[in-house]
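I have placed the structure first, in the form of structure tokens, so that the comments after it can refer back to it.
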Amino acid sequence: MNILGIETSCDETGVAIYSSMEGLLAHQLYSQVQLHAEYGGVVPELASRDHVRKLVPLIRTTLAQAGLQGSDIRGIAYTAGPGLAGALLAGAAVARSLAWTWKVPAVEVHHMEGHLLAPMLEEHPPAFPFVALLVSGGHSMLVKVDGIGQYRLLGESLDDAAGEAFDKTAKMLGLGYPGGPAIAARAELGDPERFQFPRPMTDRPGLDFSFSGLKTYALTTMQKESAGLQGEALERLKNDIARAFEDAVVDTLVIKCRRALREAGVNTLVLAGGVAANQRLRAKMNRMMAAEEGEAFYPRLEFCTDNGAMIAYAGWQRLRVGEAQGLVFQARPRWSLMDLQAPGISG
Ligand code: KG4
Ligand code: ZN
């Protein structure tokens, strides 16, 4: 059974075809980064319009890459939320129209469930139960995962998501958008000893996060230290702040993951979402997991950030047991992962 996956929740148009027999057959991504870069962040209306422009051609390219035709597709999975309403509607409209035309079922996929299941596309997938750290531009969550659709929230960000904190700090330092890769690149050049940023909420019990204070810490450090600086010295200061900021976020996430694993009584950890692409986070997390005699699982780098493959895979898990929804569709800009249930018949 070939499943077409469609992702349009934010600023990437992602399309993929997953075969229940052969695994991932094709995937294509069109990133809107260039479009939004001059505004320093995602402009929702521009995002929706670009999905409308790019989605159908991208579906054609993905079908061609897999050597398939529309009539070979047996089910469609699309991101119904959470995300930008207009962007979600663009994907939902195309997905539902194709499902009607091809007379195949279509299923709503929760974007974060897509992220969470992305490591299942790898050769060595994690086994349930596990703890998942979901760190994207919109969410930071620790979740106990007992099976698909069986999620228990252990902790979440009380303010900015981890990716959002990267993005805002990068913008403040004038490093561009998206901020995660920009900060990571500058941090490589930075001096790890120069500044020590706090590790928020690690000195008290609990598994929630707070990242907005770190962003302010970076801002005040910048204001205090940059007076009279220019040229290379100013760039060096930015590198050192980027390093201190990245170290603080990474340490905080590692400490909370260790705590979550111990509390949940499991030793398998899954990291997913855009921030899981961060190399320093992966390295420190692996060291912690080795000490805990556990194992960490990650999606390949390109499937950490938004993509159609994770949506096709997550959708297949629901389509395979007959779950699908009817012709009336909706976007779910706010949709809690905890509202999901194990795959079954619905709608
Ligand atoms: O999962 P994703 O592609 O989109 C959402 O669902 O939000 O995550 C995007 C986020 C952005 O905030 C971006 O700055 C961050 O992931 N990101 C990174 C890295 N690559 C992307 N953060 C830290 N280090 C990276 N290498
Ligand atoms: Zn995402």
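The values are calculated or read from the model by the stated rules, or taken from the named source; none is laboratory data. Just so you know, these numbers come straight off a predicted model, no measurement behind them. No Cβ is skipped: glycine too gets one built from the backbone with ideal geometry, and neighbour counts run over all protein chains shown. When the accessible area is computed, the model is the full protein with side chains, heavy atoms only, and any ligands, DNA or RNA have been set aside. Shrake-Rupley method; radii C 1.70, N 1.55, O 1.52, S 1.80 Å.
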Hey, in the GNM for the chain with a 10 angstrom Cα cutoff, which one of Val270, Val145, Val104 fluctuates hardest? Val104
Could you give each residue of segment 325-331 its phi-based ³J(HN,Hα) in whole Hz, using Karplus coefficients 6.51, -1.76, 1.60 with θ = phi - 60°, and x for Gly or Pro? 10, x, 5, 6, 10, 9, 9
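Over the chain, what relative contact order in percent results from Cα pairs under 8 Å that are six or more residues apart?
Values: 759 pairs, mean separation 86.3, N = 347.
Relative contact order here is 25 percent.
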Sorted on mean Cβ neighbours within 10 Å (highest first), peptides 84-92, 296-304 come out as 84-92, 296-304
For a 25 Å ceiling on Cα separation, which of these pairs sit above it: Lys168/Lys256; Lys54/Lys144; Lys215/Lys256; Lys215/Lys238; Lys144/Lys168; Lys224/Lys256? Lys54/Lys144; Lys144/Lys168; Lys224/Lys256
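For segment 65-114, what % of the accessible area comes from carbon and sulfur atoms, probe 1.4 Å? Mind dumping the intermediate values first?
Numbers: 990 of 1700 Å².
Exposed carbon and sulfur together represent 58 percent of the surface.
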Any idea what angle helix 212-225 forms with the longest principal axis of the chain, computed on alpha-carbon atoms, 0 to 90 degrees, nearest 10? 40
With +1 on the Cβ of every Lys and Arg and -1 on the Cβ of every Asp and Glu, and nothing else charged, how large is the dipole of the chain about its Cα centre, in debye rounded to the nearest 20? 380
What full-extension length gain, to one decimal in nm, is calculated for Ala342 and Val33 as 0.36 nm per residue of separation minus the Cα-Cα distance? 107.8 nm
In a shell of Cβ-Cβ distance under 14 Å around Ala244, excluding Ala244 itself, what net charge do Lys and Arg (+1) and Asp and Glu (-1) give? +1
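Between Glu295 and Leu219, what length comes free when the chain is fully extended (0.36 nm per residue of separation minus the Cα-Cα distance, one decimal in nm)? Intermediate results must be reported in sequence, preceding the final value.
Numbers: separation 76, 0.36 × 76 = 27.36 nm, distance 3.59 nm.
Here the segment from Glu295 to Leu219 would lengthen by 23.8 nm.
If contacts are Cα pairs under 8 angstrom and at least 6 residues apart, what is the relative contact order of segment 289-347 in percent? Before the final figure, lay out each step's value.
Details: 25 pairs, mean separation 18.8, N = 59.
The normalised contact order for segment 289-347 reaches 32 percent.
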Keeping every protein chain present and rolling a 1.4 Å probe, give me the accessible area per residue for the chain in Å². 42
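With r defined as the distance between the Cβ atoms of Asn286 and Arg204 and R0 fixed at 30 Å, what FRET efficiency is calculated, to the nearest 0.05?
Values: r = 26 Å, r/R0 = 0.88.
It comes to 0.70.
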Order by protection proxy (mean Cβ within 10 Å, highest first), peptides 190-200, 169-179: 169-179, 190-200
How many nm separate the modelled label positions at Gln279 and Arg194, each set 7 Å beyond the Cα in the direction of the Cβ? 2.0
Before rounding to the nearest 500, sum -39500 (n - 2.57) across all DSSP H runs of length at least 4 in the chain and divide by the residue total; then give [θ] at 222 nm in deg cm²/dmol. -14000 deg cm²/dmol
Acute angle (nearest 10 degrees) that the helix 44-66 long axis makes with the longest principal axis of the chain, alpha-carbon atoms: 60
Ignoring any ligand, DNA or RNA, what whole percent of the accessible area of segment 263-347 comes from carbon and sulfur when the probe is 1.4 angstrom? 48
What spacing in nm lies between the two simple spin-label points modelled at Val328 and Glu45, each 7 Å away from Cα in the Cβ direction? 3.0
Choice from Ala184, Ala314, Ala132 with maximal GNM fluctuation in the chain (Cα, 10 Å cutoff): Ala184
Equivalent-ellipsoid semi-axes (√(5λ), Cα gyration tensor) for the chain, whole Å, largest first? 35, 24, 16
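Sorted by average packing, counted as other Cβ atoms within 10 angstrom per residue and highest first, what order do 240-247, 216-223 take?
On the way: 240-247: 24.2, 216-223: 15.8.
Ranked from most to least packed, the peptides come out as 240-247, 216-223.
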Angle in degrees between helix 231-264 and the longest Cα principal axis of the chain, rounded to the nearest 10: 60
